[in-house]
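This report refers to the structure that appears directly beneath it.
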Amino acid sequence: DTEVTQTPKHLVMGMTNKKSLKCEQHMGHRAMYWYKQKAKKPPELMFVYSYEKLSINESVPSRFSPECPNSSLLNLHLHALQPEDSALYLCASSQVGMGVGTPDGYTFGSGTRLTVV
Amino acid sequence: GENVEQHPSTLSVQEGDSAVIKCTYSDSASNYFPWYKQELGKRPQLIIDIRSNVGEKKDQRIAVTLNKTAKHFSLHITETQPEDSAVYFCAAPRGPILTGGGNKLTFGTGTQLKVEL
């Protein structure tokens, strides 16, 4: 399995709602990431998990709450979002560090297109 | 932190011609440089990458060159085809990728490549 699976593909939520985005990979990757991508812009890093521990939080507002229940799963819990949070949310996974002969790049999921109304 | 600049922002070529996209980075400790292709409405996909101990890498019609002294790297696509039309992102890590901690990639601003018939 060489894929990162994200659900749901599309999500519309109100500013008072609570929702969760889910990400799953079975490639044995021990680093997982959340990125946010606005239209015609590059992906922007939000969170990095390494060995199921949060290693980087890019000063993301607390209305975004990540969770890594195990080495295959990554969640992003959403609460009290703003319309400007509407974007494509991409999950990615990778090897941790650079090993000899190991692929280094991210594998991205297809993303969840979030609209906050 | 890492600053990655990418040029040009748009590139239009005739089918069969070559395309070159350039990126510069700021962190001299960066040691890994991937390129991603993102088609409209789809996820970014790794197309080629290079480590800092190598000056050039080729994969069929795609090549990447790295100049560590000048801190820039370039994507070369030869014999372009309509299916090469997409947005291309370069990326660089913030500092060297080491064991542990995940790979903290910063993306360039993207190049919209259009291959015309």
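No lab work stands behind these numbers, since they all come straight from the coordinates. The model shown is predicted, which means the values in this text are computed figures rather than measured ones. Don't worry about glycine lacking a Cβ; one is built from the backbone with ideal geometry, like all the others, and counts go over all protein chains shown.
Taking R0 as 30 Å, what FRET efficiency do you get between B:N67 and A:N70 from their Cβ-Cβ distance, rounded to the nearest 0.05? Walk me through the numbers on the way to the answer.
Working: r = 42 Å, r/R0 = 1.39.
With a Förster radius of 30 Å, E is 0.10.
Positive end of the dipole of chain B, charges at C-beta (+1 Lys, Arg; -1 Asp, Glu), about the Cα centre: which of B:T109, B:A70, B:A29 has its Cα farthest in that direction?
Highest projection toward the positive end goes to B:A29.
If amide hydrogens are placed 1.01 Å from N in the peptide plane, which non-local residues have theirs closer than 5 Å to the one on A:S110?
A:Q6
Mind checking the dipole of chain B: about its Cα centre, +1 per Lys or Arg Cβ, -1 per Asp or Glu Cβ, Debye to the nearest 20?
For chain B, the charge dipole is close to 460 debye.
Quote the relative contact order of chain B in percent (integer), defining contacts as alpha-carbon pairs under 8 Å separated by 6+ residues. Don't skip to the end; give the middle numbers.
On the way: 302 pairs, mean separation 43.7, N = 117.
Result for chain B is 37 percent.
So if I place +1 on the C-beta of Lys and Arg and -1 on the C-beta of Asp and Glu, and nothing else carries charge, what would the dipole magnitude of chain A be about its Cα centre? I want it in debye, nearest 20.
Numbers: 12 positive and 10 negative charges, 79 e Å.
About 380 debye.
Which one of B:P34, B:P93, B:P82 has the biggest mean-square fluctuation once chain B is modelled by GNM with Cα springs under 10 Å?
B:P82
Modelled label-to-label distance, B:E15 and B:E116, 7 Å Cα→beta-carbon offset: nm?
1.4
Shape verdict for region A:28-89, please, from the Cα gyration tensor: rounded (a/c under 1.5), prolate (a/b greater than b/c) or oblate. Numbers along the way, then the final one.
Working: a/c = 2.14, a/b = 1.56, b/c = 1.37.
In terms of gyration-tensor shape, prolate.
Which of the cysteines in chain A are isolated, no other cysteine C-beta under 4.7 Å?
A:C68 - these cysteines have no disulfide-compatible partner (Cβ-Cβ under 4.7 Å) in chain A.
In percent, how large is the relative contact order of region A:1-54, given Cα pairs closer than 8 Å and 6 or more residues apart? Intermediate values should be presented prior to the final figure.
Numbers: 59 pairs, mean separation 15.8, N = 54.
Value for region A:1-54: 29 percent.
Choose one of B:G16, A:Y33, A:H77: the residue whose Cα lies farthest towards the positive end of the charge dipole of the protein assembly as shown (beta-carbon charges +1 Lys, Arg; -1 Asp, Glu; about the Cα centre).
Of the listed residues, the answer is A:H77.
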